[in-house]
Amino acid sequence: MQQYGDAAETAPEDGLLLGQTERYVEYDAAGRVVKGQDIKAHSRYEEDVHPNNHTSVWGSWWEGGQWGYACCHQTIKNSYCTGEAGLVAAEAQADQMQLNIERKAEEDKAREENGGNLEVCVMFLFAILHVRHLCSCLTLLLMH
Ligand SMILES: [Zn+2]
């Protein structure tokens with residue numbers, strides 16, 4: 001947890017610098033950029049931007065084959081940061097998920113005595129994770 005805190009402390013400076021740069025962009029009557037024409041280059045540094053109140057950058061978290069935010073462990077790029085609360089909730093969900101998966105695995109194992117169908121288990125895990133992300137996305141939509 002502490003390691004994320006350290007990363008967050010150095011990060012706002014980048015966002016501030018970027019914000020300042022963007023303010024200098026000027027457009028002519030035709031909508032073309034007069035000043036700050038290098039602004040497109042910033043897409044290259046998108047990983048330095050902290051959108052939607054996130055205190056960590058996109059890609060600072062990795063789970064189940066998906067990138068996310070270390071600050072709240074969300075794996076939806078456009079999601080709003082739920083911070084510590086979201087992190088705790090996500091962990092609780094993940095624990096519950098793990099319990100469910102283990103229970104399911106045991107059931108499967110009991111059913112087919114060999115129980116060696118790991119591939120199906122992994123696919124099930126990914127499906128569950130995907131549903132969870134959809135759920136947290138919907139929750140966020142309702143909240144905002
Ligand atoms: Zn976040």
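Among the trypsin sites (Lys or Arg not before Pro) in segment 67-105, which ones are in a DSSP loop with at most 16 other Cβ atoms within 10 Å of the Cβ? Mind listing them?
Here the sparse-neighbourhood loop sites are K77.
Once you have the Kirkwood Rh of segment 53-144 from its Cα pairs, apply Stokes-Einstein at 10 °C and 1.306 mPa s and quote D in µm²/s. Write out the running numbers ahead of the final one.
On the way: Rh = 14.3 Å.
For these conditions, the coefficient is 111 µm²/s.
Just grab the label-to-label distance for K77 and L134, each label 7 Å out from Cα along the Cβ direction, in nm (one decimal).
2.1
What distance in nm separates the two pseudo spin-label positions at A94 and M123, each 7 Å out from Cα along the beta-carbon direction?
Going by the 7 Å Cα→Cβ label model, 2.5 nm.
Rule-based calculations on the coordinates, nothing more; no lab input. The model shown is predicted, which means the values in this text are computed figures rather than measured ones. Cβ coordinates were reconstructed from backbone atoms using ideal geometry, including for glycine residues, and neighbour counts include every protein chain displayed.
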